[in-house]
Amino acid sequence: MSIDVNPDWWKFLFDDVYLLTDARSVCNETLTRREVDVICELLPIDVNQRILDLCGGHGRHSFELCRRGYTSCTLLDYSKTLIDKARSNAGEYNYPLETIQCDARKTDLPPNSFNHVLIMGNSIGYIQEPDADMKILAEAHRLLQVAGWLLVDVTDGTVIKNSFNPSAWHEIGDDTIVCRQRELQGDVICARELVVSKQDGLIRDQTYSIRLYTPDRLAELLVQVGFRQVKV
């Protein structure tokens, strides 16, 4: 049976349950530190330059940059739940972090506003419209200053296809089980996720989809929207 996905799934899936089901990556401080190490190695970032964490969720990379002394980070995400969490944490730790809730395809921010734009954590490929990712990348290009840098962190679609497993599950603590059934439809993975509490029963039954990119295809998109010197 084909998995039927609501095209607007990305507007409501990234909530407190997501922070629970994906905690192994998105709430892993050690992993986040290693990823920010890579950011600092790949990009010529100065602590006073303006950095945009685009589609940055609850701000794990922005917070780590703030901890390292970077003073001009902006976090942008569509999810109100994640942005609210980021705002609360930024206030608690007194981080110099600006937070914005909006669609990454049209931010309404002034052009040439940032020295660097980050799109981390496999945060493209969610919107089903064929040109959605191109619009996000084009917006990143518009927001960058001349000679600015974009860093995009995505999973290699070729690797995913070659090691594709239609079923996966894991336990969270002693109470919660996450089960995912997946199918590959061309360059898109469609999935159904069930989250079950042993005590309280079904927490979530949700479908979603993610478009896969090969390195060549992603580089091609970046060139199309105006980026140069693209390195994979």
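The values are calculated or read from the model by the stated rules, or taken from the named source; none is laboratory data. The model shown is predicted, which means the values in this text are computed figures rather than measured ones. For neighbour counting, all protein chains shown are included, and Cβ atoms are generated from backbone atoms with ideal geometry for every residue, glycine included. Keep in mind that these areas ignore ligands, DNA and RNA; they rest on the heavy atoms of the full protein, side chains included. Shrake-Rupley method; radii C 1.70, N 1.55, O 1.52, S 1.80 Å.
Structure notes:
- Extension gain for the segment Asp8 to Val230, taken as residue separation times 0.36 nm less the Cα-Cα distance, is 76.8 nm to one decimal.
- Exposed-site-free run, longest, the chain (rule: chymotrypsin sites (Phe, Trp or Tyr not before Pro); DSSP loop; at most 16 other C-beta within 10 Å): 13-163
- Å² per residue, accessible surface of the stretch 160-232 at 1.4 Å: 61
- Hydrodynamic radius (Kirkwood) for the chain, which is based on Cα pairs only, to one decimal in Å: 18.6
- Residues of the stretch 155-180 with amide N under 16 Å of a point placed 7 Å along Cα→Cβ from Asn28: 155-156, 169-173
- Taking the longest Cα principal axis of the chain as reference, the axis of helix 215-224 is set at about 50 degrees.
- Assuming charge only on the beta carbon of Lys and Arg (+1) and of Asp and Glu (-1), the dipole of the chain about its Cα centre is about 420 debye to the nearest 20.
- Value at 222 nm in deg cm²/dmol, rounded to 500, when DSSP H runs of n ≥ 4 in the chain each add -39,500 (n - 2.57): -9000 deg cm²/dmol
- Under-5 Å amide H pairs with Asp53, H placed in peptide plane, nonlocal only: Thr74, Leu75, Leu76, Leu118
- Percent accessible area from carbon and sulfur atoms, the chain, protein chains only, probe 1.4 Å: 49
- Backbone HN-Hα couplings from phi across the stretch 31-43 [Karplus 6.51/-1.76/1.60, Hz, Gly and Pro as x]: 4, 4, 4, 5, 5, 5, 4, 5, 4, 5, 6, 7, 10
- Over 20 Å [Cα-Cα, the stretch 48-121], rounded percent: 20
- Net charge contributed by nearby residues that have their C-beta within less than 11 Å of Glu29 (K/R +1, D/E -1): +2
- Note on the stretch 16-82: dipole from Cβ charges, positive end direction compared against Val38, Cys73, Ala23; the farthest Cα belongs to Cys73.
- P(r) weight above 28 Å for the stretch 1-132, C-alpha pairs, percent: 16
- In Hz, Karplus ³J(HN,Hα) per residue of the stretch 138-144 (6.51, -1.76, 1.60; θ = phi - 60°; x = Gly, Pro): 5, 5, 4, 5, 5, 7, 7
- Solvent exposure of the stretch 71-140, expressed per residue, is 44 Å² of accessible area, with all protein chains present and a 1.4 angstrom probe.
- Remark on Cys102: its backbone amide H falls under 5 Å from those of Asp77, Tyr78, a criterion applied only to residues 5 or more positions apart or on other chains, H modelled at 1.01 Å from N.
- Applied to the stretch 66-80, the Karplus parametrisation 6.51 cos²θ - 1.76 cosθ + 1.60 on θ = phi - 60° returns per-residue 3J(HN,Hα) values of 4, 4, 8, x, 6, 9, 9, 9, 10, 9, 10, 7, 7, 6, 5 Hz, with x for Gly and Pro.
- Longest stretch of the chain clear of exposed loop sites (trypsin sites (Lys or Arg not before Pro), DSSP loop, at most 14 other Cβ atoms within 10 Å, sites excluded): 107-197.
- Extension gain (nm, one decimal) between Asp37 and Ser163, 0.36 nm per residue minus Cα-Cα: 42.6 nm
- Alpha-carbon Debye profile of the stretch 1-78, log10 I(q)/I(0) at 0.23, 0.24, 0.27 Å⁻¹: -1.11, -1.17, -1.33
- Heavy-atom accessible area ranking, 1.4 Å probe, most first, across Val230, Val159, Val17: Val159, Val230, Val17
- Virtual paramagnetic centre 7 Å along Cα→Cβ of His141, amide N under 20 Å, in the stretch 206-223: 213-223
- Cut-off 18 Å (backbone N to label point 7 Å along Cα→Cβ of Ala219), residues of the stretch 122-154: 150-154
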